[in-house]
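Structure first, commentary second.
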Amino acid sequence: MSLLSFDDGDKFFDIKTNMLKKRNLLLYGDLDDSDYKDLLEAMLMLNGISEVEPINLFLCSHGGEVDAGMAIYDLIQWLPAPVYTIGMGNCASMAAILLMSGQKRFIFPHCWVMLHQTSGWVWGDKDTTVSRATRMERQEKQMLELQARHTGKTAEEIAKDTIKEKWFDAEEALAYGIVDEIIRLQRQVAPVVAKEGATRLKVVPAIN
């Protein structure tokens, strides 16, 4: 709950409830087992309310656990309600996979996207280590195939491009097929030269 000031006095305001009413969800920070459950529950709830109206999933995340991310990915693909993904700030690793998985995919102009090959480590006795390493190899192949499906690239192209971390600005993400559209800001900041010769910033309306 947050306390906001209005003309008729201060009121407590539940930001998350208001976001849900507008069918807006936010995935922020590291993606792990501790926080993705709430996101899955919210997506299922919104789908139950309407299977026609889109769910807007805002992403600002460094990525995280592949299994948690794939649970969200599969639900996005399964839900009758369309899920629109919106990248903001930074969408890296698993968050980038989720960004490209929406039925409509948007990105803010100053968001960066990062793709890389699956990484991890294995432990245990010899047989267990071999089993887990085999799973990682299969999972890596699966992730490349998903990225190929959503970008229009081949799995081989993506494997070659992501041997090292591959960063994209918004325009590059659009060209690569990660997103469909760049969200243009309602206002743009333009430099204005003051009379004394100093440069300052002035907010001007965006040109459509």
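The values are calculated or read from the model by the stated rules, or taken from the named source; none is laboratory data. The structure displayed is predicted, hence computed values, not measured ones. With ideal geometry, Cβ positions are generated from the backbone for all residues, glycine too; neighbour counts draw on all protein chains shown.
Restricting attention to segment 41-61, and to residues there that are in contact with a strand residue (DSSP E or B) (Cβ under 6 Å, 6 or more places away or on another chain) and among the small types (Gly, Ala, Ser), which single residue is nearest to PRO109 (Cα to Cα)? Only one residue fits best here, namely SER61. Residue count for segment 94-107 satisfying the condition of being closer than 21 Å to LEU44 by Cβ and in a loop (DSSP other than H, G, I, E, B): 3.
Residue-by-condition table, conditions (1) surrounded by fewer than 11 Cβ atoms within 10 Å (Cβ to Cβ); (2) at pLDDT 95 or above; (3) not hydrophobic (A, V, I, L, M, F, W, C):
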{"residue": "SER2", "(1), (2), (3)": "yes, no, yes"}
{"residue": "ASN24", "(1), (2), (3)": "no, yes, yes"}
{"residue": "LEU39", "(1), (2), (3)": "no, no, no"}
{"residue": "ASN56", "(1), (2), (3)": "no, yes, yes"}
{"residue": "GLY87", "(1), (2), (3)": "no, yes, yes"}
{"residue": "ASN90", "(1), (2), (3)": "no, yes, yes"}
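When segment 121-144 is limited to residues that are within 17 Å of ILE163 (Cβ to Cβ) and either touching a helix residue (DSSP H, G or I) at 6+ places or on another chain (Cβ under 6 Å) or basic (Lys, Arg) (or both), the one that is modelled with the lowest pLDDT turns out to be LYS141. Within segment 167-189, being modelled with pLDDT under 95 and of a type in the set (D, E, K, R) holds for ARG184, ARG187.
When ASP35, ASP30, ASP67 are screened for being in contact with a His (Cβ under 9 Å, 6 or more places away or on another chain) and under 24 Å from LEU115 (Cα atoms), only ASP30 passes.
Across segment 135-181, the number of residues qualifying as surrounded by fewer than 15 Cβ atoms within 10 Å (Cβ to Cβ) and on the phi > 0 side of the Ramachandran plot comes to 1. If you scan segment 72-93, which residues turn out to be among the aromatic types (Phe, Trp, Tyr) and part of a loop (DSSP other than H, G, I, E, B)? Selection gives nothing. If you go through segment 143-154 and keep only what is more than 17 Å from GLY63 (Cα to Cα) and in a helix (DSSP H, G or I), you end up with GLU145, ALA148, ARG149, HIS150, THR151.
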